[in-house]
Amino acid sequence: MSTTVSAPGTGRASGGTGTPGPAREPAAARRNTDGMAVASFVLGLTGLLVFNIVLGPLAVVLAGLALHRGTRRRGRALAGLGLGVADLVVLATLVTANGTVSWNLSG
C-alpha cells in the first residue's frame, strides 16, 4: 500500500507517478488573495484615522498583491488601494501643513 503526498507548490504527487495532487491549492491561494483584499480595505480605512505612515503603504501593497494574484474581491482591493493612496495624501498634507505626522485638532 503506497500513499502519495503532494509536493508543496507543484500540484503533483511527489511519488513520481505524474498524477495530479489535490485540487485545493488554487482554492487556498484564492482565499488568501481575498483575505489580502479585505485586509487592504480595513488597513486603508483605519489608516485615515491613525498610523497612516504605516497602514497606508501596507494597504497599497496588499491591494496590489491581491489584484496581481487575481482576487474575486476586486472591488474591495481597489477600494483598499484608493484608501491607501488617500492615507499617503493625508500624510503628505499633514507634513506640509504642520511639519508633523499627527493630527492637531486644537488649531
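The values are calculated or read from the model by the stated rules, or taken from the named source; none is laboratory data. Predicted model only: the values in this text are computed from it and were never measured. We place every Cβ from the backbone using ideal geometry, glycine too, and count neighbours over all the protein chains shown. Remember, those area values only see protein heavy atoms, side chains included, never the ligands or the DNA or RNA. Shrake-Rupley method; radii C 1.70, N 1.55, O 1.52, S 1.80 Å.
Of the residues examined, GLY70 is not one that is over 15 Å from SER102 (Cβ atoms) and modelled with pLDDT of 95 or more. Each residue in the range 36-51 was checked for being in contact (Cβ under 8 Å) with a residue 40 or more places away in the chain and either under 18 Å from VAL95 (Cβ atoms) or not hydrophobic (A, V, I, L, M, F, W, C) (or both), and 4 of them qualify. Scanning the range 60-107 for residues that are assigned to a loop (DSSP other than H, G, I, E, B) and either among the small types (Gly, Ala, Ser) or open to solvent by 70 Å² or more (accessible area, probe 1.4 Å) (or both) yields a total of 12. Residues that are closer than 25 Å to PRO26 by Cβ and open to solvent by less than 50 Å² (accessible area, probe 1.4 Å) are absent from the range 42-59. Out of all the residues in the range 17-28, is one or more part of a helix (DSSP H, G or I), at pLDDT 65 or above and open to solvent by 50 Å² or more (accessible area, probe 1.4 Å)? The answer is yes, given that some residue of the range 17-28 is part of a helix (DSSP H, G or I), at pLDDT 65 or above and open to solvent by 50 Å² or more (accessible area, probe 1.4 Å). A single entry from VAL42, VAL54, VAL85, VAL50 fulfils the requirement of being hydrophobic (A, V, I, L, M, F, W, C) and out of contact with any helix residue (DSSP H, G or I) (no Cβ under 9 Å at 6 or more places or on another chain): VAL50.
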